[in-house]
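Undergrad: Quick one: the structure is below, and I'll ask about it shortly.
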Amino acid sequence: MPLLAAKAAFALVVLLVGGCGAGGWIGRLLPDTFHPWERAVFALLGGLAILSWILFLVGQFSFTPLTIEIILGLAALLGIREILGWRKVHPSAIRPGRKVARTAVWIVVCVLGVTAVGGLAEITGDWNDDAVAYHLLGPKVWLREGAIRPVLDNSHTAFPQIAETLYGALLAIGGSRAPNFSSVLTLALLLAVCAAAGCRLGLDSGESWWMAALLATMPAVFAGSHECFVDGLYAAFVIAALRLAYDAHRWNEWAMLGLFCGFAMGTKYTGLIALPILIFCAIALRAGGGKTDWSNLAGKAGVAIGAGIVVAAPYYLRNWIVLGCPIYPPPPGYALVCSPKFMSAEVIANFQAYIRRRGAGLGRGLPAFLLLPYNLTYHTSNFHGAGGIGLCPLALGPMGVAAMRKNPLSRMTMLLSLLLTAAWFVTQQESRFLIPVYAIAAIYAVIGWRYARQSGRVWSRVMAATLVAVSAGYGAFMIGKASFPEVRAVFSPSYAASRRAHELPYLESFEYLNREPSVRRVLLLDGSVTPYYFDKPYLKPVGQWGERTLPGAPDAEQALAEVRALQATHVLDVVSTVAPFQVKEGAPGLRLVFEAPGQRVYLVE
Amino acid sequence: MGLREGAMASRKGMRESKGSKDGFWGLVSELWMGIVLVVFLAIRVLGSETTRSLLSRWKAH
């Protein structure tokens, strides 16, 4: 474990320094109102995305450890120069926090500590675990094949890939634990970017720390920001764009706004909805009164949209060329625009029906929308969250909104929250997809807390402090409880082994196939088998969502009949929730060479 | 107020927001915070499996 941890930490430091190098120019193009620490945070966040973007473009031709090391090495050299330059500025620029914020600092440090330590545990899980099913499957296969291509047996590997490309780089130089370990950096960046937005709305240093503490202890935010989930990183890009929208004035500042919108689109499809909303809100902030120069405003908005499209285009164009559709799996109405490959119309319809069912939350009507604040606070598990968002947004947020009702930046922020929530409500009500709004809610909760403190009423102060304590305490408890198995697995090898045996499906077969030198290519018959655990080339004729990956779109039975033509050396057959054993006893040309409960491996003779 | 002036006034405005000192809105906010806290305690503590099992054991006893 110490060696694995050291490798992961080394890779993360290289990525961090490389991110500073790739994003140094971003820090210099930000509006004048940006504090030096904000410039450093935005440079690092943007730099990581730029680095990923370059790796993705180069990776279309070569994604080998050597290519990755060269690109990261060059970026790290630039980063060292950049950091040495920051060193002269930062000590004087850091504002001293208030005494009371020490508790908040400790809360943030503890949550980040749990994220870092838990991130060193081995990722385990079945096909329901997103990290295993596709976030890490793609990078692992890219590295094996030496190029970035969607893994056809899981269409989700075609999602926009800013985060996944970074995971690939981390896997290459830091080993299997590095991608999950990197969650500590993305969560810290999310908190820092939200603190930047909060400061612009008027929070002081201590209040920013409390905002970060409230956000970090929201279990729904934690759930979307670790174990290779990309929602935390996506939210960081959206909030960064919001911070830029407050102050973008010159053309290059609008381009920066568009750049971060583009990063959001390059991380999640939901960024496609966030871009128009962010640009609309940025325009709305500047509109009004008789002095609005509409042509100038339209031009700057055009620059922002153009910058966003340029940044996000590679991910969507690649899908269009390789998979036949820029958004893949295709959304409703795709037939008007494109003809997707590898997924039949029936499979696509089934997938869309699944998304509608999963994203229904607690209903779609107006009453359900109006009840969202209540349900998101008390019943987040219904939105596939992990325990809620704490009490403060509901209890203190309204006071913050009321206190800031005349502030133009606040009005624009509220409009953005409303539009993002409405878009989320009518599309897919998955709690972690709404992290940008949770971040804004945390800012208003702290403003509301200030309102209660300054009211001069003893009970208001006591109630508000109790709410913050209960909310942060309960959230921290839930996060600690959820992370306990990972943290325990890091310190207890025997527990890690039993967790591996318990949570890693078909472990015995994977261990056999990975160690057996005669295994060169394996035919996986069952759609639920997770190839992430497999270290060698494989064929999976029917994917997790019903994708048909082989020429002629054969099903598992037809592929089995052509196993020699497919040049597979072995066949893995399992009993799963999807199907029983598929190879009939005495099947010609197949010899049983390994068997474990519910698992059989055949040699192709 | 233009954009720049409005944006610059943000922090100043926050510093000057002293909260409501009049009794009515103070009372409303206290009541609201109390309701949120009580509902949370009712759902998370009284509604928890542990409490339910303790209650059912007590009833059976």
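Undergrad: With the crude spin-label approximation of a point 7 Å out along Cα→Cβ, what separation in nm comes out for residue A:405 versus residue A:309?
TA: The answer from the label model is 4.0 nm.
Undergrad: Can you tell me the FRET efficiency between residue A:338 and residue A:60 if r is taken as the Cβ-Cβ distance and R0 is 25 Å, rounded to the nearest 0.05?
TA: Working from the Cβ atoms, E equals 0.80.
Undergrad: Now for a separate question. Could the peptides A:199-209, A:563-573, A:70-80, A:362-372 be put in order, highest first, of the mean number of other beta-carbon atoms found within 10 Å of their residues?
TA: On the way: A:199-209: 22.1, A:563-573: 19.7, A:70-80: 18.2, A:362-372: 13.0.
The most tightly packed comes first, giving A:199-209, A:563-573, A:70-80, A:362-372.
Undergrad: Within 10 Å of each Cβ in A:475-485, how many Cβ atoms from other chains are there, averaged over the peptide?
TA: Per-residue shielding by partner chains comes out at 0.
Undergrad: If a cysteine in the protein assembly as shown has no other Cys Cβ under 4.7 Å from its own Cβ, put it on the list, ordered by number.
TA: By the Cβ distance rule, which asks for a partner under 4.7 Å, the isolated cysteines are A:20, A:110, A:194, A:199, A:228, A:261, A:281, A:392.
Undergrad: Could you give the dipole magnitude of the protein assembly as shown about its Cα centre, charging the beta-carbon of Lys and Arg +1 and that of Asp and Glu -1, in debye to the nearest 20?
TA: About 2420 debye.
Undergrad: Using alpha carbons only, how many degrees (0 to 90, rounded to 10) separate the axis of helix A:36-59 from the longest principal axis of chain A?
TA: So the inclination is approximately 20 degrees.
Undergrad: How far, in degrees from 0 to 90, does helix A:345-358 lean away from the longest principal axis of the Cα atoms of chain A, to the nearest 10?
TA: 40
Undergrad: What's the ranking of A:349-357, A:296-304, A:435-443 by average number of surrounding C-beta atoms within 10 Å, highest first?
TA: The peptides rank, most packed first, as A:435-443, A:296-304, A:349-357.
Undergrad: OK, next. What FRET efficiency comes out for the pair residue A:587/residue A:144, r = Cβ-Cβ distance, R0 = 22 Å, nearest 0.05?
TA: Plugging the Cβ-Cβ distance into 1/(1 + (r/R0)^6) gives 0.15.
Undergrad: Where does each of B:30-43, A:417-430 land if you order them by average Cβ count within 10 Å, highest first? Intermediate values should be presented prior to the final figure.
TA: Numbers: B:30-43: 16.1, A:417-430: 18.1.
Ranking, from highest mean packing down: A:417-430, B:30-43.
Undergrad: When you look at the Cβ of every residue in A:450-457, what mean number of other chain Cβ atoms sits within 10 Å?
TA: 6
Undergrad: Roughly how far apart, in whole Å, are the Cα centres of segment A:542-564 and segment A:11-25?
TA: Answer, in whole Å: 42.
Undergrad: Antiparallel versus total DSSP beta bridges in the protein assembly as shown: what percent is that, nearest 5?
TA: Roughly 70 percent of the DSSP beta bridges within the protein assembly as shown come out antiparallel.
Undergrad: Let me ask something else about it. Between the helical axis of A:435-453 and the dominant principal axis of chain A, each derived from Cα atoms, what acute angle in degrees is found, rounded to the nearest 10?
TA: Roughly 30 degrees, rounded to the nearest 10.
Undergrad: Kindly list the residues of segment A:234-259 that lie in the label zone of residue A:297, defined by a backbone N under 12 Å from the point 7 Å along the Cα-to-C-beta vector.
TA: none
Undergrad: Would you list, by chain and number, the aspartates and glutamates whose Cα falls below 13 Å from the Cα of residue A:584, excluding same-chain residues fewer than 8 positions away?
TA: Qualifying aspartates and glutamates at Cα under 13 Å: A:557, A:573.
Undergrad: Another question, if that's okay. With unit charges on the beta carbon (Lys/Arg positive, Asp/Glu negative), name the residue among A:111, A:155, A:58 whose Cα is farthest towards the positive pole of the charge dipole of chain A.
TA: After comparing all options, I get A:111.
Undergrad: If you take each beta carbon of peptide A:191-201 and count the beta carbons of other chains within 10 angstrom, what is the mean? Before the final figure, lay out each step's value.
TA: Values: counts 0, 0, 0, 0, 0, 0, 0, 0, 2, 3, 4.
If you average over the peptide's residues, the count of other-chain Cβ atoms is 1.
Undergrad: Is the shape of segment A:505-604 rounded, prolate or oblate, going by the alpha carbon gyration tensor and its root eigenvalues a ≥ b ≥ c, with a/c under 1.5 for rounded and a/b larger than b/c for prolate?
TA: Rounded, because the longest to shortest axis ratio a/c is under 1.5.
Undergrad: Mind checking the full-extension length gain between residue A:515 and residue A:251? Use 0.36 nm per residue of separation minus the Cα-Cα distance, one decimal, nm.
TA: Stretched out fully, the residue A:515 to residue A:251 stretch lengthens by 89.3 nm.
Undergrad: If r is the Cβ-Cβ distance from residue A:32 to residue A:426 and R0 is 35 Å, what FRET efficiency results, to the nearest 0.05?
TA: Working: r = 38 Å, r/R0 = 1.09.
Working from the Cβ atoms, E equals 0.35.
Undergrad: Quick one: what are the phi-derived ³J(HN,Hα) couplings along segment A:296-302, Karplus 6.51/-1.76/1.60 with θ = phi - 60°, whole Hz, x for glycine and proline?
TA: 4, 5, 5, x, 5, 4, x
Undergrad: Under a plain spin-label model, where a point goes 7 Å from the Cα along Cα-to-Cβ, how far apart in nm are residue A:579 and residue A:106?
TA: Using points 7 Å along Cα→Cβ, the separation is 5.7 nm.
Undergrad: Loop only by DSSP, 15 or fewer other Cβ within 10 Å of the Cβ. Give me the trypsin sites (Lys or Arg not before Pro) in segment A:28-91 that pass, ordered by residue number.
TA: Passing both the DSSP loop test and the Cβ count: A:88.
Undergrad: Extension gain residue A:81-residue A:364, at 0.36 nm per residue separation less the Cα-Cα distance, in nm?
TA: Net length gain for the segment: 96.7 nm.
Read-outs throughout are calculated quantities, based only on the coordinates presented, and are distinct from any laboratory measurement. Quantities reported herein were computed from a predicted structural model and do not represent experimental measurements. Note that each Cβ is placed from the backbone with ideal geometry, even for glycine, and that neighbours are counted across all protein chains shown.
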